[in-house]
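The values are calculated or read from the model by the stated rules, or taken from the named source; none is laboratory data. All of these numbers come straight from a predicted model, not from anything done at the bench. As a convention, Cβ positions derive from the backbone with ideal geometry for all residues, glycine included, and neighbour counts pool all protein chains shown.
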Amino acid sequence: MFRGIQDLMRPPPGMEFDFSQPAGEPALAPHDGVTWKVFANPIALFIGGVTAVLLELAEPSVRSGVWDHSSFQRDPGLRLRRTGFAAMMTVYGPRSAAEQLIARVVRMHGHVSGTTPDGLAYHANDPRLLDWVQATAVFGFTEAYHRFVRTLSAQEQDAAFLESTASARLYGATGVPRSWAEWETLLAATAPGLEGSGILGDFLRIMADAPILPAPLRPLQRLLVRAAVEIVPEPVRSLPQLQGRGLRFGEAALVRTLARTAAWLPLGDTPQAQAARRLRGANA
């Protein structure tokens, strides 16, 4: 069961990578930080990733950029694996490889621009939009871990945002939150422009029904999508497309059991395990 979810975080075909090399090279995120722990849990990553996308799709310019210029609608599984690999690289990858990957993404984003249905011009490398995308990702992963794996202290929640700033700056996000309080400030400032749309409903249907996990795990897939809706903050949580789509009675306890079990199970040669070997190689 957990292997099916974890596979989403492995490099997709053609992007295989050995996180154990080169020996001793540090990652962008500190190996003893909160982020390494959060990203090691596949249940929290799935839930948090969906939460982050829901927040992104509520922002009109980000929504147009994501929906009009990505392969998500055609092949959501592959798109999730590519996004998951990029996240793994920014957390666990050697700094030099992470910087190269981010530079490629920035170049690709340089070609992503357009106009929203309301006539607002957007560009994917707009720092304002990058700040929102980066902040919602940190919030989603951290909140999923906090709610379903282990309660994080206020200091740990702050650290999760601070630890993300190195990679965020490389993406061009120059005003990302550095603490939980700064995230809440950004959310409050962005809230007046957040809105519902049919795309939010389409996204939830894709996540519930697409063959992202093997068919026997499809009920689990839908449960985790509901968990993602459950932790979306206001005002997005109350949008019509999300109302009634959160967890049902008793399901929060089930999700917590799954997430906490995943934290203790041996999950094989994960990016985190490989990265830990790489750093131990400095002392070999």
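Below is a table of values for the structure above.
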item	result
Qualifying residue in the stretch 42-49 (condition: surrounded by fewer than 24 Cβ atoms within 10 Å (Cβ to Cβ) and touching a helix residue (DSSP H, G or I) at 6+ places or on another chain (Cβ under 7 Å))	yes
Whichever residue in the stretch 139-162 is outside any loop (DSSP other than H, G, I, E, B), surrounded by fewer than 24 Cβ atoms within 10 Å (Cβ to Cβ) and of a type in the set (S, T, N, Q) and, among such residues, is nearest to the chain's Cα centre (by Cα)	GLN157
Residue list for the stretch 29-51, filter: small (Gly, Ala, Ser) and more than 24 Å from ALA188 (Cβ to Cβ)	ALA29, GLY33, ALA40, ALA44
Criterion: within 16 Å of the chain's Cα centre (by Cα) and farther than 23 Å from LEU186 by Cα - qualifying residue of LEU54, LEU80	LEU80
Top-ranked residue of the stretch 207-257 - restricted to ones that are in contact (Cβ under 8 Å) with a residue 12 or more places away in the chain and polar (S, T, N, Q), ranked as farthest from HIS146 (Cα to Cα)	GLN241
Which listed residue, of PRO117, PRO127, is surrounded by fewer than 19 Cβ atoms within 10 Å (Cβ to Cβ) and within 30 Å of ALA154 (Cα to Cα)	PRO127
Of all residues in the stretch 10-41 being among the small types (Gly, Ala, Ser) and touching a helix residue (DSSP H, G or I) at 6+ places or on another chain (Cβ under 8 Å), the one that is nearest to VAL229 (Cα to Cα)	ALA40
Filter result (of a type in the set (Asp, Glu), modelled with pLDDT of 95 or more and closer than 21 Å to GLY14 by Cα) within the stretch 49-101	GLU99
Scan of the stretch 88-112 for residues that are crowded, with 16+ Cβ neighbours inside 10 Å, outside any helix (DSSP H, G or I) and either among the polar types (S, T, N, Q) or more than 19 Å from the chain's Cα centre (by Cα) (or both), ordered by number	PRO94, VAL112
Some residue of the stretch 131-138 being part of a helix (DSSP H, G or I), surrounded by fewer than 23 Cβ atoms within 10 Å (Cβ to Cβ), touching a residue at least 60 places away in the same chain (Cβ under 8 Å) and not aliphatic (A, V, I, L, M)	no
Residues of the stretch 56-82 satisfying the condition of being assigned to a loop (DSSP other than H, G, I, E, B) and either of a type in the set (Val, Ile, Thr) or buried (at least 17 other Cβ atoms within 10 Å of the Cβ) (or both)	ALA58, GLU59, PHE72
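Let's see how each residue does on (1) within 25 Å of PRO235 (Cα to Cα); (2) among the charged types (D, E, K, R):
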{"residue": "SER96", "(1), (2)": "no, no"}
{"residue": "ASP118", "(1), (2)": "yes, yes"}
{"residue": "GLY172", "(1), (2)": "no, no"}
{"residue": "THR190", "(1), (2)": "yes, no"}
